[in-house]
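*Asks:* Quick one: the structure is below, questions incoming.
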Amino acid sequence: MAVPAPDTAVLVPGGPPLPSLLVSDRQVRMQRIWRAVKLWVPLGVVLFLLAMCFLLPLVVTLPSPTNGDILAASLPPLSPGHLLGTDTVGVDELSQVVYGGQVSFEVAAAVTAIGIAVGGVIGVTAGYLGGWIDAVLSRVLDVLIAFPALVLALAVSQGLGPSEIHVIWALSFFGVPVFGRIARANTLVIRELPFVTAARLSGTPGWRVVARHVVPNILPGVVSFGLLGAGLTIILEGALDYLGYGIPPPEASWGSMIASGQQYMSAEPRYVLIPSIFLVVVVVALNMFGDALRERWGAQ
Amino acid sequence: MTTRGLAGSPAWKLVGRRLVAAVIVLWGVTFLTYAVMSALPNDTAAGLLGLKASPAQIAALNRRLGLNQPFWVRYWHWFVNLLHGNLGTTLEGQSVNHELATYLPVTMELLAYALVVSLVLAVGLAVLAARKPNGAADRFSLALSMLGLSAAPYAFAIFIIVVFGVQLGWFPVQSNALGTGGVGTFFREATLPAASLGFGLFAIYARVLRGDLVEQMQREDYITTARAKGLAPWRVLVRHALRNSMFTLITVVGLNLGALIGAAAIIETLFSAPGIGQELLNSISNHDVPMVEGIVLVFAIITVAGNLLADLLYAVLDPRIRYGSSSS
Amino acid sequence: MSVRTACLAGAVALAASTAACGGSSSGASPGAQPSMGNIKNTPPPKAGGSITVLEGKGFSGDWPYGFDPPTDVTGSANQDFYTAVYGQLFDLGPNGKILPDLATGYSFSDGNKTVTITLRKGVTFSDGTPFNAQAVYYNWQRDFGPLAKKAGLVPPWEVARTASGPAAISAPFAKSAVQVTGPDTITVHLTTPDGAFINQLFDTTPMWIGSPAAIKKEGEKKFAQDPVGAGPFTVVSDTYNNQLVVKKNPRYWDKPKPYLNQITFKSASGDEAAYESMLAGQGQVYQDLSTTQILNEAGQHFQELNQPGTSPYDLQLNTASAPFSNVKARQAIYAATDFAPILKAVFGDRYPVTESFTGPGGICYEPKVPGYQGYDPALAKKLIKESGLDKTTITLGTINSSPVAIDTTEALRTEWDKLGMHVNIANYPLDGLIQAFRANGGKNWQAMIQTAGSWDPSAGVGVGFRFLSNAPYSGVHDPHLDQLLFKAQEPTKVSQRCPYYDQAAEYIAKHYYGPFYFTFAPANISVKGIVGPGLTSALPAVAVVPAIPWQDVYYNPSGK
């Protein structure tokens, strides 16, 4: 995808904090409010969408996201019982958005968690230990980064059949090496900092140095990138669905909603518009939240 | 992987070592691709022969394609051929080299167009934005690049086709004629797909560059010096800050190159553009291992070259990072 | 006995089968025909001009092998190009009439076991070499030769072969089987009577004759990319799966045709992309439009021709394994399905409901079958319980490239769900579908949505393809049904064949071998000013869409 791939995140400082030189109290206050807005609004949007996807079905009985009434096909939005209308075989659009959103969030969370855990361990190990271990691990990461993960994702799903777990597997191939690289690059920098060098020279065991100094220092960077990565994962998950290699039908997913809606775009544009809007809003919110976190933690 | 024998300056040593590593990485990619493609269940021959094939015909085709041999034997054959510059034969009986020669130029032209335009626009916007942080241009640049970063290329493409292809009629809806005809044809056919590919790139570049420029303008000593010398703000920004920030930008460009094949695959299919991305999707669904290998190899080379460049630039830019620190 | 299916084998046959592989017409029984579209008065012929014809990806928009008949597995889908470059020995005219083209006539003798074809005199290929019986013989030898065997395209003619046993079906014909009996006559000796021989030629490789001199000179690879025939057009440029440009053949025999100077065939990534291209003025013709939502709009902007369909969708039930080895389970499926409301809601009542494998566009059309089990929810519920269908999950498969088939499976699932049957839908890509049919000796699959039938049920992906014992994609293994279907193709007179097909339809209904739903037929759309058979006037479909005789097509946008 034309996406901020690999470790660009290291290099993607959304907007660096602007040091407030010679500014009035009012400006300081405005800046503080603005910073709070930049943090809490995206977080609020993410929480709202999470609630919509995971809590709404528990509270209200939504129509099935897979089975519809064929006789109630192609209803427009705001039809009774179908807030966003129904698709061409009568399945409720809102339900598909909700359950498709669950898939998107689950995949994003799982891929990010796997990426941080596995990539983090590899990256920190390589960066901290250095030497031939670093050489070997770095080459493995290089191979994984140079390997077009889309090929792997498609091949896996083509061979084993599409499923949510295969999507997670496949997308983790995108995630692990990226997180690994970031963790390694950050560890390399941290390792050379005076207090870490001091701890090492004073005979503190390696694992303690890592646990007490390295991990806490690289975590903010990795986590705030994780949010960017989660947004990206949602786009990629959609891409696999869009190509028909993601979540198998009839299960709902945003990518497959866009793909099927595209087949009648000129006649019924809303089938593309509805999932696209949700997709963009979620990803924008995740990215802005990540930016805001980086700004805070970076400033600390 | 010792490269002690390599004589010359440390920089050349570094380049030598990284080249050796790059070759190893490329080999790893080809092996991984072959292993994954072979490990997955498939029914290539049956799929090729279609409905009316008998089991005997399928077995015969499997033999002809060498699919009855174990995977490492096939990989070895492929690898030996590769060393002779021969990438093998597709399931449809064409030479992979020939297929790459046919389809790769279209994709490369498309990607180059997308890259150049998004770079130019990103640099322009980032400079405008950095001139007055938090000004109108800056806000606009942040919002636009956030949108570009968050828009799924496949959805974005669908919308620009409807607006610029169908409604306004400025560009063709489908880009079949890419790769034929002259410059005029190229720009007519390539603009919409390149825009779909480039919007995300533009967003990344603009973000990176804008951030870097702002940081430099506020933090770097030489900028302060230049300012103190009474240079016009524009000149400081363009002549000094931008020149330095270009390193970062080039690094980001290099890192993103390899990932573009995925985007190209979807966008080419959407636009019916006769490029290698579309071929990649076809080959995966036909389980055409030699063709997939060939395409993956090309993009792996591009990625590795991009990474190599990025690594070397890192080393140049940040002396704190030491490479291949076998001494510690 | 071999399966007598004449549709091109290979990949496309199955793709074709999802929509149709037969044609329309013959004027048998008109039945409840849908509207023919919105074509009103057409302008007079005009020579000259160029047009762009869009071809849908996944079917006619893919030509990965080029256009050498014996090697082209997807030729079935690419007949537009074949008719443009090669012409045909015969054309399928309005109402299923066999029209002369490069051949002027045919005759049956010896109890329908000998067929003699007379060729047009004085025709030359576009390279100037003569078209005659020797040239046809040379092509036919290739059509039965090693290239065709490798591609799985050897025609299933009932003739003496150079091999016996199971190898016979893909072996060359014996010397005695096909003979050049004069400079312009060629004779085929069959081993069993086959009155449908000429009908079965459509959509098979022997219909297309290339220049022997060019084949020898260029070699097979080059010839596939730059074929030389005696058709109305010659190739200018050809990028596989993407764009084919052809221009007027100055040596064409039927002057002053063709009318058009140039045709550009462009692959479009689907109905929507093709439709958008036409809206933007970047294409003049699109065939095989089947997306209902677009069909609802298309008529406002373009000429729209709805062909009478020939290939009904049927639900194949696998009688070789549970649950549909149980006749009660099969009857339950019949009783559980009410297709009329689905047709209205999903397909806007575009297609006629049917109970048999014949369509309004084909021969022997008979939509009603005596004794057919109709919708009966009470009975369905009872049978579902008795046969245990409520305790299992049925896998209902189809091919993923056909929106109509996918919508149909979705709709069926919705209906059956209400009666307590659980359905798992599997939309296979082509090779996945083949695997699904083959797995475990054909015993794994349970139910498939496919088309069965053809303008002549004995041709193409006809009834035999889905219902004969030894057909690889049939779920039915019943010798009595085999007998009926073989008898039905022996006579040359259609009136003698139809009673057998009626009996077969009744027999299928009686044993609940598979319900039929509706006769699908895609629409062809074109811009105002385009006139031609199959585009603005009905023409039987040979494979899904009619093979357009491009020499007859003209573009007169001014209308004068």
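*Asks:* Mind listing whichever residues of region A:121-137 are of a type outside the set (Phe, Trp, Tyr) and more than 18 Å from A:Val222 (Cα to Cα)? Can you show your working first?
*Replies:* Pass one, region A:121-137, residues of a type outside the set (Phe, Trp, Tyr): A:121-127, A:129-131, A:133-137.
Across region A:121-137, the qualifying residues are A:Leu129, A:Gly130, A:Gly131, A:Ile133, A:Asp134, A:Ala135, A:Val136, A:Leu137.
*Asks:* While we're here: Counting residues that are within 14 Å of another protein chain (Cβ to nearest Cβ), which helices (runs of 4 or more DSSP H) fully inside region A:44-152 reach at least 3? Let's see the steps before the verdict.
*Replies:* Numbers: elements: A:56-59, A:93-114, A:120-129, A:131-146.
By residue number, A:93-114, A:120-129, A:131-146.
*Asks:* Only one residue in B:Arg139, B:Arg131, B:Arg74 is farther than 19 Å from B:Ser283 by Cβ, among the basic types (Lys, Arg) and surrounded by 16 or more Cβ atoms within 10 Å (Cβ to Cβ). Which one?
*Replies:* Working: B:Arg139 fails: surrounded by 16 or more Cβ atoms within 10 Å (Cβ to Cβ); B:Arg74 fails: farther than 19 Å from B:Ser283 by Cβ.
Going through B:Arg139, B:Arg131, B:Arg74 in turn, the sole match is B:Arg131.
*Asks:* On to the next question. C:Thr409 is checked against (1) closer than 19 Å to C:Gly514 by Cα; (2) touching a helix residue (DSSP H, G or I) at 6+ places or on another chain (Cβ under 9 Å); (3) modelled with pLDDT of 85 or more and fails just one. What number does that condition carry?
*Replies:* (2)
*Asks:* Kindly check whether there is at least one residue in region C:205-220 that is within 18 Å of C:Tyr82 (Cβ to Cβ) and within 11 Å of chain B (Cβ to nearest Cβ).
*Replies:* Step one: of region C:205-220, the residues within 18 Å of C:Tyr82 (Cβ to Cβ) are C:205-212, C:214-215, C:218, C:220.
Right, trim to within 11 Å of chain B (Cβ to nearest Cβ) and you get C:220.
Yes, region C:205-220 contains a residue that is within 18 Å of C:Tyr82 (Cβ to Cβ) and within 11 Å of chain B (Cβ to nearest Cβ).
*Asks:* Also: Exactly one of these conditions fails for C:Ser267: (1) more than 14 Å from every other protein chain (Cβ to nearest Cβ); (2) crowded, with 24+ Cβ neighbours inside 10 Å. Give me its number.
*Replies:* Every condition holds for C:Ser267 apart from (1).
*Asks:* Taking region A:291-300, which residues are surrounded by fewer than 23 Cβ atoms within 10 Å (Cβ to Cβ) and basic (Lys, Arg)?
*Replies:* Listed by number, the list holds a single entry, A:Arg296.
*Asks:* Moving on. Filter region C:97-126 for residues that are surrounded by fewer than 16 Cβ atoms within 10 Å (Cβ to Cβ), charged (D, E, K, R) and more than 26 Å from the chain's Cα centre (by Cα); which is modelled with the highest pLDDT?
*Replies:* Going through the qualifying residues, I end up with C:Lys121.
*Asks:* Still on this structure, I have one more. Restricting region C:451-498 to residues that are of a type in the set (Val, Ile, Thr) and modelled with pLDDT under 90, which is surrounded by the most Cβ atoms within 10 Å (Cβ to Cβ)? Reasoning before the result, please.
*Replies:* Taking region C:451-498 and keeping what is of a type in the set (Val, Ile, Thr), we get C:451, C:461, C:463, C:476, C:492, C:494.
Those still in the list that are modelled with pLDDT under 90 too: C:451, C:461, C:463, C:492, C:494.
Numbers: C:Thr451: 32, C:Val461: 34, C:Val463: 31, C:Thr492: 16, C:Val494: 17.
This residue is C:Val461.
*Asks:* Among C:Gly309, C:Gly359, which is the only one that is small (Gly, Ala, Ser), assigned to a loop (DSSP other than H, G, I, E, B), within 23 Å of C:His511 (Cα to Cα) and in contact (Cβ under 8 Å) with a residue 12 or more places away in the chain? Steps first, answer last, please.
*Replies:* Working: C:Gly309 fails: within 23 Å of C:His511 (Cα to Cα).
None of the others qualify; the one that does is C:Gly359.
*Asks:* Related question: Looking only at residues in region C:427-450 that are at pLDDT 85 or above and in contact with a Pro (Cβ under 9 Å, 6 or more places away or on another chain), which one is surrounded by the fewest Cβ atoms within 10 Å (Cβ to Cβ)?
*Replies:* Of everything passing the filter in region C:427-450, C:Gly442 is surrounded by the fewest Cβ atoms within 10 Å (Cβ to Cβ).
*Asks:* Are any residues in region A:247-290 surrounded by fewer than 23 Cβ atoms within 10 Å (Cβ to Cβ), within 14 Å of A:Gly231 (Cβ to Cβ) and out of contact with any Ser or Thr (no Cβ under 8 Å at 6 or more places or on another chain), and if so, which ones?
*Replies:* Within region A:247-290, A:Phe278, A:Val281, A:Ala285 meet the criteria.
*Asks:* Now a separate question. How many of the residues making up region C:278-292 are surrounded by fewer than 24 Cβ atoms within 10 Å (Cβ to Cβ) and in a loop (DSSP other than H, G, I, E, B)?
*Replies:* 5
*Asks:* If a residue counts only when it is more than 14 Å from chain A (Cβ to nearest Cβ), over 26 Å from the mean Cα position of the chain (by Cα) and modelled with pLDDT of 85 or more, which helices (runs of 4 or more DSSP H) contained entirely in region B:1-86 have at least 2 such residues? Give the derivation first.
*Replies:* Numbers: elements: B:10-39, B:44-49, B:55-64, B:71-83.
By residue number, B:71-83.
*Asks:* Follow-up question, since we're still on this one. Go through region A:153-165 and give me each residue that's within 11 Å of chain B (Cβ to nearest Cβ) and assigned to a helix (DSSP H, G or I). If you could, list the steps in order and put the result at the bottom.
*Replies:* Restricting attention to region A:153-165, the residues satisfying the condition of being within 11 Å of chain B (Cβ to nearest Cβ) are A:153-161.
Residues satisfying the conditions are A:Ala153, A:Leu154, A:Ala155, A:Val156, A:Ser157, A:Gln158, A:Gly159, A:Leu160.
*Asks:* Which ranges mark the helices (runs of 4 or more DSSP H) fully within region C:52-152 that have 2 or more residues being in contact with a helix residue (DSSP H, G or I) (Cβ under 6 Å, 6 or more places away or on another chain) and within 24 Å of C:Ala167 (Cα to Cα)?
*Replies:* Values: elements: C:79-85, C:133-143, C:146-151.
So the answer is C:133-143, C:146-151.
*Asks:* Do you know which of the residues in region C:283-302 that are within 19 Å of C:Asp80 (Cα to Cα) and among the polar types (S, T, N, Q) is modelled with the highest pLDDT? Before you say what the answer is, go through the steps one by one.
*Replies:* Going residue by residue through region C:283-302, those that are within 19 Å of C:Asp80 (Cα to Cα) are C:283-290.
Subsequent filtering for residues that are among the polar types (S, T, N, Q) retains C:284, C:287, C:290.
Details: C:Gln284: 97, C:Gln287: 87, C:Ser290: 84.
Checked region C:283-302; the qualifying residue modelled with the highest pLDDT is C:Gln284.
*Asks:* Return the residue satisfying two criteria in turn: it lies in region B:147-161 and is of a type in the set (A, V, I, L, M) and assigned to a helix (DSSP H, G or I), and of such residues it is farthest from the other protein chains (Cβ to nearest Cβ).
*Replies:* To start, the set of residues in region B:147-161 that are of a type in the set (A, V, I, L, M) comprises B:147, B:149, B:151-152, B:155, B:157-158, B:160-161.
Those still in the list that are assigned to a helix (DSSP H, G or I) too: B:147, B:149, B:155, B:157-158, B:160-161.
Values: B:Leu147: 7, B:Leu149: 6, B:Ala155: 4, B:Ala157: 9, B:Ile158: 5, B:Ile160: 12, B:Ile161: 7 Å.
Among those that are of a type in the set (A, V, I, L, M) and assigned to a helix (DSSP H, G or I), it is B:Ile160.
*Asks:* Please go through region C:127-137 and pick out each residue that is surrounded by fewer than 19 Cβ atoms within 10 Å (Cβ to Cβ) and more than 22 Å from C:Pro250 (Cα to Cα). Let's see the steps before the verdict.
*Replies:* Taking region C:127-137 as the starting set, the residues that turn out to be surrounded by fewer than 19 Cβ atoms within 10 Å (Cβ to Cβ) are C:127-130, C:134, C:137.
C:Gln134, C:Tyr137 - these are the residues of region C:127-137 that are surrounded by fewer than 19 Cβ atoms within 10 Å (Cβ to Cβ) and more than 22 Å from C:Pro250 (Cα to Cα).
*Asks:* Test B:Ser196 against the criterion of being polar (S, T, N, Q), closer than 20 Å to A:Pro269 by Cα and modelled with pLDDT of 90 or more, and give yes or no.
*Replies:* On the way: polar (S, T, N, Q): yes; closer than 20 Å to A:Pro269 by Cα: yes; modelled with pLDDT of 90 or more: yes.
So B:Ser196 fits the description; yes.
*Asks:* Check whether at least one residue in region C:332-339 is charged (D, E, K, R), more than 14 Å from chain A (Cβ to nearest Cβ) and either crowded, with 24+ Cβ neighbours inside 10 Å or more than 26 Å from C:Gly529 (Cβ to Cβ) (or both), and report yes or no.
*Replies:* Let us first name the residues in region C:332-339 that are charged (D, E, K, R), namely C:338.
Right, trim to more than 14 Å from chain A (Cβ to nearest Cβ) and you get none.
Checked against the condition, which is being charged (D, E, K, R), more than 14 Å from chain A (Cβ to nearest Cβ) and either crowded, with 24+ Cβ neighbours inside 10 Å or more than 26 Å from C:Gly529 (Cβ to Cβ) (or both), region C:332-339 yields no hits at all.
Here's the yes/no breakdown for (1) assigned to a helix (DSSP H, G or I); (2) within 19 Å of the chain's Cα centre (by Cα):
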{"residue": "A:Thr204", "(1), (2)": "no, no"}
{"residue": "A:Met257", "(1), (2)": "yes, no"}
{"residue": "A:Ser276", "(1), (2)": "yes, yes"}
{"residue": "A:Val283", "(1), (2)": "yes, yes"}
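*Asks:* Here's something else I'd like to know. Here is a list: B:Leu201, B:Leu144, B:Leu213. Which entry is at pLDDT below 90 and either buried (at least 23 other Cβ atoms within 10 Å of the Cβ) or more than 9 Å from chain A (Cβ to nearest Cβ) (or both)? Steps first, please.
*Replies:* Working: B:Leu201 fails: at pLDDT below 90; B:Leu144 fails: at pLDDT below 90.
Every option except B:Leu213 fails the conditions.
*Asks:* Out of (1) within 11 Å of another protein chain (Cβ to nearest Cβ); (2) buried (at least 24 other Cβ atoms within 10 Å of the Cβ); (3) among the aliphatic types (A, V, I, L, M), what's the single condition that is false for C:Val423?
*Replies:* Checking C:Val423 against (1) within 11 Å of another protein chain (Cβ to nearest Cβ); (2) buried (at least 24 other Cβ atoms within 10 Å of the Cβ); (3) among the aliphatic types (A, V, I, L, M), the one that fails is (2).
*Asks:* Exactly one condition in (1) buried (at least 24 other Cβ atoms within 10 Å of the Cβ); (2) part of a helix (DSSP H, G or I); (3) touching an Asp or Glu at 6+ places or on another chain (Cβ under 8 Å) is not met by C:Ile525; state its number.
*Replies:* (2)
*Asks:* Could you list, in sequence order, the residues of region C:276-306 that are closer than 9 Å to C:Leu54 by Cα and either free of Cβ contacts under 8 Å to residues at least 40 places away in the same chain or small (Gly, Ala, Ser) (or both)?
*Replies:* Listed by number, the residues that qualify are C:Ser277, C:Gly283.
*Asks:* Additional query: Search region B:90-133 for residues being assigned to a loop (DSSP other than H, G, I, E, B) and under 30 Å from C:Val73 (Cβ atoms), and hand back the single one that is modelled with the highest pLDDT. Walk me through it before giving the result.
*Replies:* Here is the first cut: in region B:90-133, the residues assigned to a loop (DSSP other than H, G, I, E, B) are B:90-94, B:132-133.
Retained after the next criterion (residues that are under 30 Å from C:Val73 (Cβ atoms)): B:90-94.
Numbers: B:Thr90: 86, B:Leu91: 81, B:Glu92: 75, B:Gly93: 77, B:Gln94: 82.
Going through the qualifying residues, I end up with B:Thr90.
*Asks:* Being more than 7 Å from chain A (Cβ to nearest Cβ) and under 15 Å from the mean Cα position of the chain (by Cα): is that true of B:Gly306 here? Write out each step before concluding.
*Replies:* Details: more than 7 Å from chain A (Cβ to nearest Cβ): yes; under 15 Å from the mean Cα position of the chain (by Cα): yes.
Considered against the rule, which asks whether it is more than 7 Å from chain A (Cβ to nearest Cβ) and under 15 Å from the mean Cα position of the chain (by Cα), B:Gly306 comes out as yes.
*Asks:* For region B:225-232, indicate whether the set of residues that are buried (at least 24 other Cβ atoms within 10 Å of the Cβ) and either at the interface with chain A (Cβ under 10 Å from one of its Cβ atoms) or more than 24 Å from C:Thr239 (Cα to Cα) (or both) is non-empty. Show your work before the answer.
*Replies:* From region B:225-232, those buried (at least 24 other Cβ atoms within 10 Å of the Cβ) are none; that's our starting set.
No, the conditions are met nowhere in region B:225-232.
The values are calculated or read from the model by the stated rules, or taken from the named source; none is laboratory data. Just so it is clear, the model here is predicted, and its values are computed rather than measured. Every residue, glycine as well, gets a Cβ built from its backbone with ideal geometry; the counts of neighbours run over all protein chains shown.
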